[in-house]
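Novice: There's a structure below that I have some questions on.
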Amino acid sequence: MSTLDQISSYLVRPDPANPSLSRLIDGVDQHGKPSTASVIEERPLTIYLNAQEIVTAMTIGDYPEYLAVGFLKNQGMLKPTDVLTMVEFDEELRVVVVRTEVESDYEEKLSKKTRTSGCAVGTVFGDMMEGLDSVSLTQAPTRTSWLYQLSHLINRTPSLYLETGAIHGTVLCEADSPLVYMEDVGRHNAVDKISGWMYLNKVYPEDKILYTTGRLTSEMVIKTALMGIPVLISRSGFTAWGVDIARQVGLTLIGRMRGRKFICLSGHDRLIFDADPNAVADEEKKHRRKSGSNV
């Protein structure tokens, strides 16, 4: 299968040409001459669980149902055993309502908030570390040839980032094949969309890899672990707490994945070095994400 065939076979990915996700804005360039930029949209989305308002998130607006369900799951407000009776999006009000068969009261959980790091600042309700004690990740080995193949394919995928910049991407992968590509202004939103897609489509995480363009912070590591995904890789760098948590739960954590280079700070004993880095093509300049080390 060719690179283009593999890219076009992704089950879900944003459409860079969708006029609702970006728009052209006129301005001037460094010489004072007229210039036009493609700029990403950003709009509020309010999430309700049953009759309870949970949060208003800033998002680009695509796949609101996946974002809502994934956010609630990653916050511990939806359990795998919960029966959803409705997931409905009101486009005019920018509201997603998720209803379950059994209602619960989350006032106490909502009273404790942690503002997380990064762009489009995220929020964690309750104890950030809640649920990690019960995490049991598979310890299947990861081939470095998969990592190089994924990096190569993902960086060539038509994306909102290549169209507009100012956005993060997250990709769910299986071995060396990307499955689902999501983007948003906040890396946590993109991860939540993946989580929602997995939850609603009953996709199992045990043999999956999660790729992100954002920093490997505590929140990103916790979300990945709670989703049950055993491998997390990024173009960007790490925080020390993110690495500590990854080692605590047995997550394979790989960062600064660009071209032929990467570094693994957790789970390196589970890597199979089956590819010669010197034989891997370096990234072309046009595919390099700007400020990759600090986004």
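Novice: Using 0.36 nm per residue of separation minus the Cα-Cα distance, give me the extension gain between Asp276 and Val83 in nm, one decimal.
Specialist: 64.7 nm
Novice: Modelled label-to-label distance, Leu132 and Arg247, 7 Å Cα→beta-carbon offset: nm?
Specialist: 1.3 nm
Novice: In the calculated pair distance distribution of the range 142-287, what percentage of Cα-Cα distances lie above 20 Å?
Specialist: It works out to 43 percent of all Cα pairs.
Novice: Next question. What does the charge add up to near Pro80, with Lys and Arg as +1, Asp and Glu as -1, over the other residues with Cβ less than 12 Å from its Cβ?
Specialist: Summing Lys and Arg as +1 and Asp and Glu as -1 gives +2.
Novice: Distance cut-off 26 Å, Cα to Cα: go down the list Lys79/Lys223; Lys193/Lys261; Lys79/Lys261 and report the pairs above it.
Specialist: Lys193/Lys261; Lys79/Lys261
Here, each number is a calculation from the coordinates, and none is a lab measurement. Only a predicted model underlies this, so the values are computations on that prediction, with no experimental measurement involved. All Cβ positions, even for glycine, are placed from backbone atoms using ideal geometry, and neighbour counts span all protein chains on display.
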